[in-house]
Structures are given as structure tokens and as C-alpha cells.
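The structure appears right after this line, and notes come after that.
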Amino acid sequence: MYRVMMASAVMSVALAQGALAQSGLRDERDLDEGLYVIGLAQEIKKKCPDIASRKFQRTLEVLKLRNRALQLGYTEDEIRAHVKSDAEKARLRERAAEYMKSKGLTQNRDGYCALGRLEMEKKSSVGALLRPDD
């Protein structure tokens, strides 16, 4: 159990930053979208002290993505390489920046807090991974 939780935590952090290398994982829409959602929620949590993560829900999502990638025939090494890819991390960060800009938000504390509140209110997939930090 400890090993699964540690692997999940490591993948969560890496997934939160985005990425799946040259293996083609980027082209798997459901996986790419899942990585984006987890990463954006993680960024909101890190940059807004008023918002916390739903850790259990995030862990479940990470495991679902991992299992889906394995079902599609990707290996643990391919998944890990994609998750650690600097190019993929940068691509997903750029996507998040564009999304925030489209909402009229800046990439600062206030912007991330506003985005987090908006996503929670909408009950979006990003918002489902967040909660107010009491």
C-alpha cells in the first residue's frame, strides 16, 4: 500500500506538471486532457493559499490515467518518460496560461484564486479536484 501511495504521489506531482514523452501518449486525448486537468488543479492549489486539493480524488484520477495508459499498451517507462518531459510540461503550462488569459485572469495569486473559485463553482473536472482551504 505504501509503495502504491508513494508511486501515486510521485506521479501526481509529475503529472501535475504535465507530460508523456515521444511515445505518443500526447496524442491520446483522454490522457492528455486528464494530465492537463490534474496539472491545472495542482497549480491553482500551489499558487492560491485559499484553495486546497482533494488529495484522494486526485490520486484516483492519477491512477485512472496510469491504468488507461497501461491498457493502451504503454509501458511504465514510457509513462514515466512522458510525465518527466520538460517539453510536455512547458506545453501544458502554455495551455493553462492561454486558458487563464481567455478568462481575463493573470498568472498571479489573485488570478489563480479567481480561477480556482470559478472552476469549483462550475463543478468542472478541475474544480472537482479542489476545495476551499478552511
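Out of all the residues in the range 85-92, is one or more under 14 Å from the mean Cα position of the chain (by Cα), exposed (fewer than 14 other Cβ atoms within 10 Å of the Cβ) and modelled with pLDDT under 95?
Yes, that holds for at least one residue.
Checking the condition at pLDDT below 90, closer than 15 Å to Leu129 by Cα and touching a helix residue (DSSP H, G or I) at 6+ places or on another chain (Cβ under 9 Å), which residue from Ala16, Ala21 passes?
None of the other options fit; the residue is Ala16.
Looking at Tyr74, Tyr112, can you tell me which residue is aromatic (Phe, Trp, Tyr) and either on the phi > 0 side of the Ramachandran plot or touching a strand residue (DSSP E or B) at 6+ places or on another chain (Cβ under 9 Å) (or both)?
Tyr112
What pairs come out if I take residues in the range 108-131 that are over 13 Å from Ala52 (Cβ atoms) and of a type in the set (Gly, Ala, Ser) and pair them with residues that are modelled with pLDDT of 95 or more and outside any helix (DSSP H, G or I) whose C-beta lies under 7 Å away, six or more apart or interchain?
Taking only residues 6 or more apart or on different chains, the pairs are Gly111/Leu105; Ala114/Leu105.
Suppose we filter Glu119, Glu88 for residues that are charged (D, E, K, R), under 16 Å from Val37 (Cβ atoms), assigned to a helix (DSSP H, G or I) and in contact with a strand residue (DSSP E or B) (Cβ under 7 Å, 6 or more places away or on another chain); which single one remains?
Sole residue among the options that is charged (D, E, K, R), under 16 Å from Val37 (Cβ atoms), assigned to a helix (DSSP H, G or I) and in contact with a strand residue (DSSP E or B) (Cβ under 7 Å, 6 or more places away or on another chain): Glu119.
How many residues, within the range 61-81, are touching a residue at least 40 places away in the same chain (Cβ under 8 Å), surrounded by fewer than 20 Cβ atoms within 10 Å (Cβ to Cβ) and of a type in the set (A, V, I, L, M)?
Here the count works out to 3.
The values are calculated or read from the model by the stated rules, or taken from the named source; none is laboratory data. Values in this document were obtained by computation on a predicted structure and should not be read as measured data. Every residue, glycine among them, receives a Cβ derived from its backbone with ideal geometry; neighbour counts consider all protein chains shown.
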